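Participant: One structure is given below, represented as structure tokens, and several questions about it will come after.
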Amino acid sequence: MSRDTTKKAGVNREYGKAIIQKWTFILIHLIIILFCIWIVYFDGLVHLGEIFKKNWNLLDPNRAKLLLACSLLYWLRHIVTLFYLLERKLAWSEVVELVFFMAFFEIGLLLLGGGAFREYIIQFGWLDVVASILLVFGAFLNSFSEIQRKLWKKDTSNKGHCYSKGLFNYSMHINYFGDTIMFTGWCLFTYNFWSLGLPFLMAIMFIYFHIPGLDVHLYERYGAEFKAYSERTKRFIPFLY
């Protein structure tokens, strides 16, 4: 397989286990989660403030716990993705990039929603219900679509064919769309609408960077079968785009 075929949009598309990279990735992600737990349950922000001679504190601990729960669920999903769903190789460059991204949004959203940058507590309300629905629905779209594809590929009669069934019948990249919906819900928990720039930038990256690169790889792999699939199916948002 050519170099151009196996690496598209900065991602290695070649099949392989990459056990060391995956374990390193999941353990560093665990360290990020443990740091968030330290902040929420062991006054970590206060201790950091003492070191830097700043008055740092989480004013809204209940909302911080909710955001920590989001991070824990995301870490568990990350384990399933790496060790069950992901069959391609994982480059070290991808691990480093995603570790920084995860640290930025998991710690950042925790501090933002936990009241590190405001002086009042936000009571739980209807927006949290909306955020929960988006979070769960987005996680379902991403994970269940991947599981459907995984099970389909286990049938040897499907080898060499392009998967276009299940949730992927509604969008060629329903898993990416699901991630965008999930992060939208996650960011809404912070009650800081500037945080919605995160899922917006994710959508832009998916549409203009990751999807075009992946589509080139899939066309090279499946040819006319993928072309026919792409002509009848929306690329990102079901029924719209």
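Participant: Give the cross-link partners of K159 among the lysines, using a straight C-alpha distance below 18 Å as the criterion and excluding same-chain residues fewer than 8 apart.
Facilitator: Filter leaves K150, K227.
Participant: Now for a different question. How much length would be gained if the chain were fully extended between I204 and L72, taking 0.36 nm per residue of separation minus their Cα-Cα distance, in nm to one decimal? The partial results should precede the final answer.
Facilitator: Values: separation 132, 0.36 × 132 = 47.52 nm, distance 2.59 nm.
Gain on extension, I204 to L72, equals 44.9 nm.
Participant: Continuing with the same structure: For C187, C70, which order do you get if you count the other beta carbons within 10 Å of each Cβ and list the fewest first?
Facilitator: Numbers: C187 27, C70 24.
Ordered from fewest to most neighbouring Cβ atoms within 10 Å, C187, C70 come out as C70, C187.
Participant: Follow-up question, since we're still on this one. State whether segment 10-141 is rounded, prolate or oblate according to the following rule on the C-alpha gyration tensor (a ≥ b ≥ c being the square roots of its eigenvalues): a/c under 1.5 gives rounded; otherwise a/b larger than b/c gives prolate, and the remaining case gives oblate. Don't skip to the end; give the middle numbers.
Facilitator: On the way: a/c = 2.90, a/b = 1.58, b/c = 1.83.
Oblate, because a/c is 1.5 or more while a/b does not exceed b/c.
Participant: Using +1 on the beta carbon of Lys and Arg, -1 on that of Asp and Glu, and nothing else charged, what's the dipole of segment 1-114 about the Cα centre, debye to 20?
Facilitator: Numbers: 13 positive and 9 negative charges, 68 e Å.
Using Cβ point charges on Lys, Arg, Asp and Glu, segment 1-114 gives about 320 debye.
Participant: Dipole magnitude of segment 125-241 about its Cα centre, charges +1 at Lys/Arg Cβ and -1 at Asp/Glu Cβ only, in debye to the nearest 20? The partial results should precede the final answer.
Facilitator: Details: 11 positive and 8 negative charges, 83 e Å.
So the magnitude is around 400 debye.
Participant: Sticking with this one: Looking only at segment 151-192, which residues have a backbone nitrogen under 13 Å from a spot 7 Å from the Cα of E220 in the C-beta direction?
Facilitator: none
Participant: While we're here: Between K227 and N192, what length in nm is gained on full extension when 0.36 nm per residue of separation is reduced by their alpha carbon distance?
Facilitator: Here the segment from K227 to N192 would lengthen by 8.5 nm.
Participant: Let me make sure I get this right: for segment 88-241, a, b and c are the square roots of the gyration tensor eigenvalues over alpha carbons, sorted descending. Under 1.5 in a/c it's rounded, otherwise prolate if a/b > b/c, else oblate. Which is it? Don't jump to the answer; show the numbers that get you there.
Facilitator: Numbers: a/c = 2.44, a/b = 1.96, b/c = 1.25.
Note, shape of segment 88-241 comes out prolate.
Participant: Roughly how big is the chain's charge dipole about its Cα centre, with Cβ charges of +1 (Lys, Arg) and -1 (Asp, Glu), in debye to the nearest 20? Display every interim value, and only then the final one.
Facilitator: Working: 25 positive and 18 negative charges, 153 e Å.
Charge dipole of the chain: 740 debye, to the nearest 20.
Participant: Long-range amide H contacts for N12: which residues qualify at under 5 Å (H placed 1.01 Å from N, peptide plane, sequence gap of 5 or more or a different chain)?
Facilitator: Hits under the 5 Å cutoff: A91.
Participant: Setting aside same-chain residues fewer than 8 positions from K234, which aspartates and glutamates have a Cα under 15 Å from its Cα?
Facilitator: Qualifying aspartates and glutamates at Cα under 15 Å: D215.
Participant: Ok, one more. As an exercise, identify the chymotrypsin sites (Phe, Trp or Tyr not before Pro) in segment 100-137 lying in DSSP coil whose Cβ has no more than 13 other Cβ atoms within 10 Å.
Facilitator: Numbers: sites: F100, F101, F104, F105, F117, Y120, F124, W126, F137; in loops: F117, Y120, F124.
Qualifying residues, ordered by number: F117, Y120, F124.
Participant: Right, something else. Taking the Cα centre of segment 1-146 as the origin and placing charges on Cβ (Lys, Arg +1; Asp, Glu -1), which of L111, L134, I32 is farthest toward the positive end of the dipole?
Facilitator: Sorting the options by dipole projection puts first I32.
Participant: Lys/Arg Cβ at +1, Asp/Glu Cβ at -1, dipole of segment 1-123 taken about the Cα centre: which of I19, F101, H47 is farthest positive-ward?
Facilitator: I19
The numbers here are math on the coordinates, done by the rules we state, and not lab data. What you see is a predicted model, and the numbers here were worked out from it, not measured in a lab. Positions of Cβ are generated from backbone atoms using ideal geometry, with glycine treated the same way; all protein chains shown enter the neighbour counts.
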